[in-house]
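The values are calculated or read from the model by the stated rules, or taken from the named source; none is laboratory data. None of these values were measured; they are calculated from a predicted model. Glycine also receives a Cβ, built like all others from the backbone with ideal geometry; neighbour counts cover every protein chain displayed. Ligands, DNA and RNA are stripped out before the accessible areas are found, and what is left, the full protein with its side chains, is counted by its heavy atoms. Shrake-Rupley method; radii C 1.70, N 1.55, O 1.52, S 1.80 Å.
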Amino acid sequence: MELQMKVAQAVHVLNHDSQSCNRVAANQWLVQFQQTDAAWEVATSILTSNYHQQFVSDFEVEFFAAQILKRKIQNEGSYLQMGAKDALLNALLLAAKKFSLGPPQLLTQICLALSALMLHAVEHGKPIEKLFCSLQSLENHDEGTIAVLEMLTVLPEVVEDQNTDHRTSSAQRREYGRELLSHTSVVLEFLHRQSDKSFDSSIQLQGRHRKILRCLLSWVRAGCFSEIPPSSLAGHPLLSFVFNSLQVSSSFDLAIEVLTELVSRHECIPQVLLCKVGFLRDILLLPALSSGDETVISGLACFLSEIGHAAPSLIAEASPEAFVLTDALLSCVSFPSEDWEIADSTLQCSLASFILGLDVDSGENVKSVKVLFFPVFSVLLDALLLRSQVDDSTFYGDGVMVDLPDSLEQFRMNLTELLVDVCQLLGSTAFIQKIFLGGWTSNSLHIPWKEVEAKMFALNAIAEVNITEAQEIDFSFVIHLVTILSSRPRDDAKGFMRLVYKSAAEVVASYSKWISSCQTNTRSLLLFLATGISEPLCSAACASALLKLCEDATAPMHEHSSLEILLWIAESLDERHLPLEDEEKVVSAIALLLGSLPNKELKNNLLARLVSPCYEAIGKLIDENQDHSLRHNPASYSQFVNGARRGLHRLGTVFSHLVTESSTGSDLDDPLIPLLGVFWQMLEKLFQSEHIGNAVLSMAACRALSQAIQSSGQHFTFVLPRVLNCLSTNFVSFQSHDCYIRAASVLIEEFGSREEYRHLFVSIFERFSKSTSIMALTSSYICDQEPDMVEAFANFTSIFVRCSPKEVLVVSGSILELSFQKAAICCTAMHRGAALAAMSFMSCFLETGLNALVESLAHGSELESIVGISDSSIDAMAIQVISHSGDGLVSNLMYALLGVSAMSRVHKSATILQQLAAMCSLSERTTWKAHLCWDSLHGWLHSSLSTEFTS
């Protein structure tokens, strides 16, 4: 009794004391108490005795006691003896009877404890049979019925709930479920007796009916009807009870849940319920639509959709009842709710996809089904176009950013697949006719913009179907829309109109080939996109559309007016402040189009205009006359740096879309020659200035340089020594800027095979390898601090090995050995990209050495058993590097395979080990056997594994 009082006092302090320190102390004491053996007896006593404590709520203590028993049964129930389990069962049944009339939360906790006890007692026989005998006794008492209902509700739920009890095996749960379902007939009969009482408006009976439905739902989910013949199930009295419960507002939601669950589990139920859909529509749905009762509408929409999803073949039979169901669903879709959940719930009906999936061999039958349901899907399309419109709050909002409501955005995402199916059923022509229908024909203030925007969304959603079918479509609607939008003042592109611009631009991008083939006003189209590009919400869509048009509509874009608009867009980019990815699309579109101009003089002039603002932005930064004043004005300086960065980014984009026209550089008409001349002069000055210490500016400069090199071919060779000097010098000065190594990689990939530059490439390789930042890579921890640097250097060394002549590799043996050892360290980094890049270099190096060794052996004398290898050969260099670095390589590979993300490194590690083993094997046949052989590999492996196991 004393311990029981302590528990009551601690619960009171935990829930009501004003001092937090007292509450913390009480909580700690109660947590410790729960772990003691005494907690069993104390909790049981609290629930079964009539003891009352004056100053504390009885419910709080009793609820705490029920929770203790539930948790202890879940955690320790498997250790209880059979006698203890029987005693606990009796105590819990007594507590359930005691609290059968409430509080309901307490009764639920007691029943959950009972269910957990039954689950743990399965191994001792048939505990559920004993429980049911006890429940029958409990049912005989008037107050016991509610307890029995709650117990029967909870019992099946414990089968699926594996989160609360991890100590029971799957076998135990299956055995528990089998024994539970063996009492299905008893449970259903009990529920039938309870449901047989007439419906009443009293709160007590309404609560009883909800409990009956909740209990039935629990047993349906457990599979209680699986053994009942379909013929019996269709006429089962409980099914009638559930159907009648739909007409009672207090039990409607649970009745819908039960019916939906039955439909999804039993094939015969949809046929039974389909006959009653007309009654539900007339008695429940139509009044709910009139009164705006969203609870009823939403429930029926889910239920009817589930019938269509579970039995689409039944609906496809086109019976009168099937059309009643489709009519009811269409009414739900069209209901004008402030939310889109009702319309969204109807999308699960899979009738459209079922009809499309009918066997094509059916021939006329398929065609007849499509004809029969053509009006249904035509009306459905109208309803979907209506419900996919934005609400009034979005339409009339004029904020800076206008976003679709989350529920509408989700509805549209889910709707896309259905729109594609409807398009295929109706045919593209009929579908698009629906889209293009509209009562507006001029630039009027009364244009239904909500409708227009929704139709643009639908048209874009089916673009893939239309493009695949390659049907000729009249896009006069879109062209007319674009013309209207292009003629509106720029200030009108705000609020909801940004969404209109965005949707229209997406349509232009999706159908650019067809739109470009129409006899259309290209000027209006470009002005529309130019306006949209300036708005944050639609800039990405308009930039993508511009790029697609320039790719697909070459001829119309070559008109003088079109070229002028494009150059105007480019020249005003600084004012638009676009994200770099959008700006890149715009510049790509214009550069791509200008590069395709047949008139070389015009092409050169327009390209000069395109890049002129870029050169001006860079020139402002490196102008020595204003350098001093810039340094004293941080805001202006930051603006100039950002302008130069954007200018470099645009220049790189322009270069990436221009292809050299002459491999010798003698063609003076090649537009790249004058561009590259000015570009390198400014870039070299920038590289030598103090401004280049800015990491972002360095990255933009190296990106532009790399793209210029990749597209210029041989035009860049005349400044190659100066370029390499700038890259290596700047890297030594700013060793955190890995962009210089990446740019040098491009140079070596482009010119690495040229013998006249071999000393330059060896020199820059040596400068990179012996730099402070690379030499500092002495542990995996340091590698993880600079993963971009590791990845850049590893890629550089891989390209150097692949692209350099053999003579260059031999001369670079000592540098390659140092790089190889650094790569062996880097492969242990936690950063996946850095580690894999290092492994790729090692594999590339081993592959090169292995190929050279195989070639030497193939050319060796067949009469000699041992082949001599020249000290100046590439295979000799590789053997020497491996013999010096093999121990560290194997050790680090083993470490990498035991670390984080080991699975991502298994394939490359296996490849490296295979290459290493092949080198050791082949070296056995050469004069280098003393340096590299099988014993070498064996020793490295033994040393590595011994170290790993010891550590």
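Here Leu347 meets each of (1) closer than 14 Å to Val379 by Cβ; (2) open to solvent by 10 Å² or more (accessible area, probe 1.4 Å); (3) among the hydrophobic types (A, V, I, L, M, F, W, C) with one exception, condition (1). Restricting Glu506, Glu551, Glu535 to residues that are surrounded by fewer than 18 Cβ atoms within 10 Å (Cβ to Cβ) and either within 19 Å of Leu592 (Cα to Cα) or among the acidic types (Asp, Glu) (or both) narrows the list to Glu551.
Please determine whether any residue of region 357-365 is of a type outside the set (S, T, N, Q) and surrounded by 17 or more Cβ atoms within 10 Å (Cβ to Cβ). Within region 357-365, none of the residues are of a type outside the set (S, T, N, Q) and surrounded by 17 or more Cβ atoms within 10 Å (Cβ to Cβ). All conditions in (1) buried (at least 16 other Cβ atoms within 10 Å of the Cβ); (2) within 31 Å of the chain's Cα centre (by Cα) hold for Asp339, with the sole exception of (1). Taking only region 570-607 into account, find how many residues are assigned to a helix (DSSP H, G or I), among the polar types (S, T, N, Q) and either within 16 Å of Pro556 (Cβ to Cβ) or out of contact with any Ser or Thr (no Cβ under 6 Å at 6 or more places or on another chain) (or both). Qualifying residue count, region 570-607: 2.
With respect to the conditions (1) in a helix (DSSP H, G or I); (2) open to solvent by 30 Å² or more (accessible area, probe 1.4 Å), Ile741 falls short on a single one, namely (2). Of the set (1) within 30 Å of Met699 (Cβ to Cβ); (2) modelled with pLDDT under 90; (3) open to solvent by less than 10 Å² (accessible area, probe 1.4 Å), all apply to Gly495 but (1).
Every residue, every condition in (1) assigned to a helix (DSSP H, G or I); (2) crowded, with 17+ Cβ neighbours inside 10 Å; (3) without any contact (Cβ under 8 Å) to a residue 60 or more places away in the chain; (4) touching a helix residue (DSSP H, G or I) at 6+ places or on another chain (Cβ under 9 Å), yes or no:
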residue	(1), (2), (3), (4)
Ala10	yes, yes, yes, yes
Cys21	yes, no, yes, no
Ala39	yes, yes, yes, yes
Val42	yes, yes, yes, yes
Gly77	yes, yes, no, yes
Leu92	yes, yes, yes, yes
Cys111	yes, yes, yes, yes
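The single condition from (1) assigned to a helix (DSSP H, G or I); (2) open to solvent by 10 Å² or more (accessible area, probe 1.4 Å); (3) among the aliphatic types (A, V, I, L, M); (4) farther than 30 Å from Val719 by Cα that Met842 fails is (2). Taking the criterion of being modelled with pLDDT under 85 and either among the polar types (S, T, N, Q) or touching a strand residue (DSSP E or B) at 6+ places or on another chain (Cβ under 6 Å) (or both), the only residue of region 534-574 that qualifies is Thr554. Scanning region 799-812 for residues that are open to solvent by less than 10 Å² (accessible area, probe 1.4 Å) and part of a helix (DSSP H, G or I), we see that the one that is nearest to Ile774 (Cα to Cα) is Phe800. Residues in region 882-903 that are of a type in the set (S, T, N, Q) and either touching a Gly at 6+ places or on another chain (Cβ under 7 Å) or closer than 15 Å to Ser923 by Cβ (or both): Ser883, Ser885. With a cut-off of at least 1 residues that are closer than 30 Å to Ile146 by Cα, name the helices (runs of 4 or more DSSP H) lying wholly within region 211-322. So the answer is 230-234, 237-245, 252-265, 268-274, 294-310.
For Glu551, are the conditions met, namely being closer than 25 Å to Arg609 by Cα, assigned to a helix (DSSP H, G or I), among the acidic types (Asp, Glu) and without any contact (Cβ under 8 Å) to a residue 40 or more places away in the chain? Criteria not met by Glu551.
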